[in-house]
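The values are calculated or read from the model by the stated rules, or taken from the named source; none is laboratory data. Keep in mind that this is a model prediction, so the values were computed, not measured. Cβ atoms come from the backbone with ideal geometry, glycine included; neighbour counts cover every protein chain shown. In case anyone asks, the SASA skips ligands and DNA or RNA and just uses the protein heavy atoms, side chains included. Shrake-Rupley method; radii C 1.70, N 1.55, O 1.52, S 1.80 Å.
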Amino acid sequence: MSERGILDWQDVLLKARAEVLANPVTDYVSVIVDEVQDISVVGLQLLHALVGDRRDGLLLVGDGQQSVYTGAFTAAEAGISLTGRAVVLRRNYRNGADILTRALEVVANDEFADLEGALEPGSRHVDVARPGGRVTEVTATDERSAIESLLTAVADLVADGVRPGDLAVLCADDPEVRTR
């Protein structure tokens with residue numbers, strides 16, 4: 001790639017970080033990062049370089065348990081100290097209580113780490129802002145009955161007034177998603 005002058009996304013981030021470190025930018029008062037669990041260490045270093053360690057300069061919001069990409073790292077590994085500056089939010093505003101309870105049961109044995117690096121159990125106490133939610137589980141012994149059961153369950157929910165956009169179909173692993 002280098003012989004042909006082609007850059008991938010990581011190369012672009014490395015170049016941008018090097019440029020900001022060589023020629024500091026002073027126009028930014030703060031940087032806000034949502035879904036930080038899916039940013040690369042170089043990406044986080046770039047954003048940190050824009051504001052440094054100034055008070056309230058860098059706001060990181062994320063949930064290591066929701067990470068889509070592999071390659072987790074700690075803030076310390078990125079050169080950022082969170083000591084005395086981190087707050088863990090323990091109130092869920094997104095899911096109804098029934099959905100969150102079932103989701104925590106599913107991940108109960110899966111440890112995860114946030115930017116501070118300490119492993120936490122998958123099932124933990126979370127305050128819930130919204131009551132209710134609706135969990136419908138479909139199990140089957142073969143692919144054909146799984147598809148039929150899933151289609152019936154979705155049709156029943158829609159007939160009960162649930163909007164299709166408010167439904168989520170979850171599978172245990174990638175192969176199940178691809179075949180259904």
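Failed condition for residue 23, given (1) closer than 21 Å to residue 75 by Cα; (2) at pLDDT 90 or above; (3) among the polar types (S, T, N, Q), with all others met?
(1)
Is there a residue in segment 77-96 that is farther than 19 Å from residue 33 by Cα, surrounded by 10 or more Cβ atoms within 10 Å (Cβ to Cβ), modelled with pLDDT of 85 or more and not aromatic (Phe, Trp, Tyr)?
Scanning segment 77-96 turns up at least one residue that is farther than 19 Å from residue 33 by Cα, surrounded by 10 or more Cβ atoms within 10 Å (Cβ to Cβ), modelled with pLDDT of 85 or more and not aromatic (Phe, Trp, Tyr).
What are the residues in segment 104-114 that are open to solvent by less than 60 Å² (accessible area, probe 1.4 Å) and either in contact with a helix residue (DSSP H, G or I) (Cβ under 7 Å, 6 or more places away or on another chain) or free of Cβ contacts under 8 Å to residues at least 12 places away in the same chain (or both), if any?
Scanning segment 104-114 gives 107, 112, 113, 114.
Can you pull out every residue in segment 129-145 that is part of a helix (DSSP H, G or I) and either modelled with pLDDT under 85 or β-branched (Val, Ile, Thr) (or both)?
143, the sole residue that qualifies.
Is it true that some residue in segment 59-67 is at pLDDT 85 or above, under 20 Å from residue 24 (Cα atoms), of a type outside the set (Asp, Glu) and surrounded by 12 or more Cβ atoms within 10 Å (Cβ to Cβ)?
For segment 59-67, residues at pLDDT 85 or above, under 20 Å from residue 24 (Cα atoms), of a type outside the set (Asp, Glu) and surrounded by 12 or more Cβ atoms within 10 Å (Cβ to Cβ): present.
Can you confirm whether residue 5 is at positive phi and either in contact with a helix residue (DSSP H, G or I) (Cβ under 6 Å, 6 or more places away or on another chain) or open to solvent by less than 100 Å² (accessible area, probe 1.4 Å) (or both)?
The answer is yes for residue 5.
Considering only residues that are open to solvent by 60 Å² or more (accessible area, probe 1.4 Å) and either more than 30 Å from the chain's Cα centre (by Cα) or in contact (Cβ under 8 Å) with a residue 60 or more places away in the chain (or both), which ones fall in segment 131-156?
141, 142, 144, 148, 152, 156
So residue 52 fits all but one of (1) of a type outside the set (D, E, K, R); (2) loosely packed, with under 15 Cβ neighbours inside 10 Å; (3) closer than 29 Å to residue 167 by Cβ; what number is the exception?
Every condition holds for residue 52 apart from (3).
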